[in-house]
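The structure under discussion appears below in the form of structure tokens.
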Amino acid sequence: QVQLVESGGGLVQPGGSLRLSCVASGRTFTTYRMGWFRQAPRKEREFVAAINWSGGRTYYADSVKGRFTISRDNAKKTVYLQMNSLKPEDTAVYYCAVASSGGGNYYTHDYYDYWGQGTQVTVSS
């Protein structure tokens, strides 16, 4: 089975930055796309960003465009989320995910095959 482990979450002041990492390990698998989602209390899980593994095309939710940057290290099977200019509304548990095929939409959580346990990001003064 594929294991995904997120790290880098924590408490940061508004306007600050954090970088999240997600490392995939376990059996060999095909990675078509990796993404980040987040879920705040009492809210649905929402799409944040995604990156195609081969060509590196990126996708972002409107709420994070210009502030967040997704990147990946193919050799390490790791995806990163650099978060700048953080706002209180960014507070959530952030989850990384892997899609093994391209037969779905990058912004839909049902499309992804594997998920991490999440890492808490809290933006507060």
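The values are calculated or read from the model by the stated rules, or taken from the named source; none is laboratory data. Since this is a predicted model, take the numbers as computed values, not measurements. Methodologically, a virtual Cβ is constructed for each residue, glycine included, from the backbone with ideal geometry; neighbour enumeration extends over all protein chains shown. With ligands, DNA and RNA removed, areas are computed over all heavy atoms of the protein, side chains included. Shrake-Rupley method; radii C 1.70, N 1.55, O 1.52, S 1.80 Å.
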_Heavy-atom accessible area order for Arg45, Arg67, largest first, 1.4 Å probe_ = Arg45, Arg67
*For the chain, what % of the accessible area comes from carbon and sulfur atoms, probe 1.4 Å?*
43 percent
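What is the total of Lys pairs in region 12-125 with C-alpha atoms under 26 Å apart, excluding same-chain pairs fewer than 8 positions apart? Let's see the in-between values first.
Details: Lys43/Lys65; Lys43/Lys87; Lys65/Lys76; Lys65/Lys77; Lys65/Lys87.
Taking the Cα cut-off of 26 Å, the pair count is 5.
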_Whole-Hz ³J(HN,Hα) from phi, Karplus 6.51 cos²θ - 1.76 cosθ + 1.60, for region 29-36, glycine and proline x_ = 8, 8, 10, 8, 7, 10, x, 10
*Per the Kirkwood formula on distinct C-alpha pairs, the Rh of the chain is how many angstrom?*
14.3 Å
*Can you list the residues of region 72-89 with backbone N under 11 Å from a point 7 Å past the Cα of Val23, pointing along Cα to Cβ?*
76-78
*Amide H contacts of Thr91 (H built 1.01 Å from N, under 5 Å, at least 5 apart or other chain)*: Val123
*Once amide H atoms are placed 1.01 Å from N in the peptide plane, what residues at a sequence separation of 5 or more from Gly118, or on another chain, have their amide H within under 5 Å of its amide H?*
Glu6, Cys96
*Cut-off under 5 Å, modelled amide H: who pairs with Arg72 long-range*: Tyr80
*How large is ³J(HN,Hα) for each residue in region 64-71, as worked out from phi by the Karplus curve 6.51 cos²θ - 1.76 cosθ + 1.60 (θ = phi - 60°), to whole Hz, x for Gly and Pro?*
10, 4, x, 10, 10, 9, 9, 8
*How many angstrom separate the Cα center of region 55-104 from the Cα center of region 1-50?*
7 Å
*Sorted by accessible area (1.4 Å probe), largest first, how do Val121, Val23 line up?*
Val23, Val121
_Gyration tensor verdict on region 41-114 (Cα atoms; rounded if a/c is under 1.5, prolate if a/b is larger than b/c, oblate otherwise)_ = oblate
*Apply the Karplus parameterisation 6.51 cos²θ - 1.76 cosθ + 1.60, with θ equal to phi minus 60°, to every residue of region 116-122 and state each ³J(HN,Hα) to the nearest whole Hz, in sequence, with x for glycine and proline.*
x, 7, x, 9, 7, 10, 10
*Where a ≥ b ≥ c are the square roots of the eigenvalues of the C-alpha gyration tensor, would you call region 20-83 rounded, which needs a/c under 1.5, or, failing that, prolate if a/b is larger than b/c, or oblate?*
prolate
